[in-house]
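The values are calculated or read from the model by the stated rules, or taken from the named source; none is laboratory data. Please read these numbers as outputs of a predicted model, since none were measured by experiment. Reconstructed Cβ throughout: ideal geometry from the backbone, glycine too, with neighbour counts over all protein chains shown.
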Amino acid sequence: MVPLGHYLILSAILFGTGTIGVFLRRNVITVLLSIEVMLNAVNLAFIAFGRTMGSVDGQVIMFFVVTVAAAEAAVGLALVIALFRHRESLNPDMFTSLKW
Amino acid sequence: MLLLIPVLPFLGFLINLTLGRRLAKTVSGGVACLAMFGAFVVSAASVWSLVQMPPAERGVFLEVAPWIESGTLSLPFALRLDPLGSLMILVVTGIGFLIHVYSTAYMREERDSEYARYFSYLNLFAAFMLVLVLGASFPVMFVGWEGVGLCSYLLIGFWFTKTSASDAGKKAFIVNRIGDFGFLLGMFVVWTQFGSLDFQDVARLAGQLPPEATFGTISLATLLLFVGATGKSAQIPLHVWLPDAMEGPTPVSALIHAATMVTAGVYMIGRNAVLFGHAPETLAVVAAIGVATALMAGTIGLVQNDIKRVLAYSTVSQLGLMFVAMGVGAFAAGIFHLYTHAFFKALLFLGSGAVIHALAGEQDIRRMGGLRKELPITYWTFLTGALAISGVPFLSGFFSKDEILWKSFSGGHTFVWGVAVVASLLTAIYMFRLVFLTFHGEPPSAGSGVPAAGASHAVAGNDHDSGGGHLHDAPPAMAIVLVLLAIGSVFAGYIGVPAVIGGSNRIEHFLAPSFAAPGLEPGGEEGASPAEARGEMSHASEPKGEGGHTATGPANEEGDHDTELLLMAFSSGIALAGIGIAVFFFLRRRDAAARTAARFAGLHRLLLNKYYVDEVYDAAIVQPIKRTSDRALWRVVDAGLIDGSVNGAGSLVNGASAILRRLQTGSMRAYALSVFVGVVLILGYYVWR
């Protein structure tokens, strides 16, 4: 059986990848995708913990996270479409009008 | 039943307050008069049932509702009717009703809504005055005391579009406030001393103490209460508001500023007769202030030219006499004078109102004259009032004034007596000056050299203009009231005919229980009341204490009687002499009056300017307050400190946010980064601490 540490290292790598994606990519859709990667990294950690401890709690939380992620993706993509219609751009740095 | 007395006028007030502006004048005036008449009937019935009781236990107590319960203080809202109160409620409701009736005619030229407003104030005044009179404890009295002050303010400033009227209202209110402050403090001292605020309890507890030989707590309490009395009753030094209060409608001057409200101070002292009786120092102050006020107001009254102002100073002077009576311990005499004064002074004011009404708002007596023919009813009733107030024998004022003079003389206060005699001489002179200048002589032709009256003498711009130049005697509603009051002025005194000329001085016996400490054995009363110890209430104690007074002996009484008769003749002579002087100066030889005024020009100017009291107050109190308010309180404290700290707080937030708002970049990634860094920092803290 693969030890818990391996799962956690993979989860950390995925989370880091997602975070870097969120900060560095210049496309809103890619940013959303990166967020999905981060969420799934967390899901992986939950399931690994749950299996190691012999409990289904980790899987239950994972389902909740997947559900929320689906909703977030739907809303997020809708916003992206609206933004694109408005600004003809997907670069998040273009959307900075909500400031002082 | 007792509760109905103040509640009926209050209902009238509520009706006129809420519906008044939609009601016709007949209805709103009728409601007000009816309310007063109802109150009068109930009062009369209450007094009648009171008289039926045996003298020792005359008193009706009614606890309306629990009011203030705090610690050891348990104070119900309670009313009490006793002989003193019963006389007062009859005066307030009886004369009040007559003046309401008079007002229905006098105020007829007002608009409907104004008319209703006037009557609602008048009814409210009556309600508060009755609470003042019937209140069984200091705080209940204080409710009425404040309420009548409010109504006085509202009614003086009734024609509030006129600056002088609204100023006069404010002046009255503020000056009264000073007195009220003294009253409150006095009430607190009474509470700390006796632990009770009920008049009867206080009187009983005070009655058990010996009179204070030196200045003590009771002296302090009574002195503070007396400050309240000077404010309400316009005595030196707080007399300045009453003459200005003549800016109000004339019936208001008659009701509030002559017959009822201004006598509240006298009444209050009478109500606390036992307390004041235990503070001889305060009584001396009361007598001194009274006599000084009587003299000062009398002299000012000699030279004033506004018909109502003369009457106002006359009121101040007569109130001074009442305080003299209180000060020499002759409480019954003071209250008796209060009662008779209510009749003839109301009559005189209403008579002057009829003159003003007839002359379309003219109040300057130099522009009057020869009105006797045109206004016969007014003339004869006014003359009756003038005779009564001057103390002409066998009219009401004679009995009451003479009683005061006699009590102060027999009490050994010869100096007080002397000044009071001068004051009553002055009374006769200025009253008949008024009569002669107004009703006798020739009507002055236009532009006869009298300086223009100016706007301040006209009643309100919109008032009485329909009268035009045409002279008319008082309309029926006014004439009837004048006649009734004239009858009262003649006969009201007969309830107090002194024993020496065959009367029985019923009023004094009737009032006596109100001035004695309740619940004391007749024997113990001797030492308790200093007034009695000085032999001034010998009549009063007759029904109670048989023992002590027979010792004075009939021979002594006999001698007193001769002196009393002599003094009575003397004061009658004084009254007639005053009238004679007035006849000489103001009827026969007007030029002599003018020459005298010219010879004593300085004195004349001093009197005409009312001893410059207003100017002194202005310079000593008003201007310093204004300057302090303007320079220190406004510019430094308000504009500097208060506004400065408020504005400083605002600009601090403003400046700080100008810098901090830069954090809101609008860049999504910057927010995400700050969230990420924050999470890392917090987690890092928990992992590595």
Checked the stretch A:36-53 for anything more than 14 Å from every other protein chain (Cβ to nearest Cβ) and of a type in the set (Val, Ile, Thr); matches are A:VAL37, A:ILE47, A:THR52
Can you name every residue in the stretch B:651-674 that is more than 10 Å from chain A (Cβ to nearest Cβ), surrounded by 10 or more Cβ atoms within 10 Å (Cβ to Cβ) and aliphatic (A, V, I, L, M)?
B:LEU652, B:VAL653, B:ALA656
From B:VAL328, B:VAL274, grab the single residue that is within 17 Å of B:LEU405 (Cβ to Cβ) and over 15 Å from the mean Cα position of the chain (by Cα).
B:VAL328
By residue number, the members of the stretch A:73-100 that are among the basic types (Lys, Arg) and either within 11 Å of chain B (Cβ to nearest Cβ) or loosely packed, with under 10 Cβ neighbours inside 10 Å (or both) are A:ARG85, A:LYS99
Regarding the stretch B:623-637, can at least one residue be identified that is within 26 Å of A:LYS99 (Cα to Cα), of a type in the set (D, E, K, R) and in a helix (DSSP H, G or I)?
no
Can you tell me which of B:MET1, B:MET36 is assigned to a loop (DSSP other than H, G, I, E, B), aliphatic (A, V, I, L, M) and within 24 Å of B:VAL143 (Cβ to Cβ)?
B:MET1
Scanning the stretch B:588-614 for residues that are over 17 Å from B:ASN305 (Cβ atoms), at pLDDT below 85 and aliphatic (A, V, I, L, M) gives B:ALA592
Restricting attention to helices (runs of 4 or more DSSP H) lying wholly within the stretch B:164-259, give those where 1 or more residues are over 28 Å from B:TYR115 (Cα atoms).
B:199-207, B:217-232
Show the residue pairs that are 6+ apart or on different chains and have beta-carbon atoms under 7 Å apart, the first residue being within the stretch A:20-35 and facing chain B (nearest Cβ under 9 Å), the second being assigned to a helix (DSSP H, G or I) and of a type in the set (Ser, Thr, Tyr).
A:VAL22/A:SER34
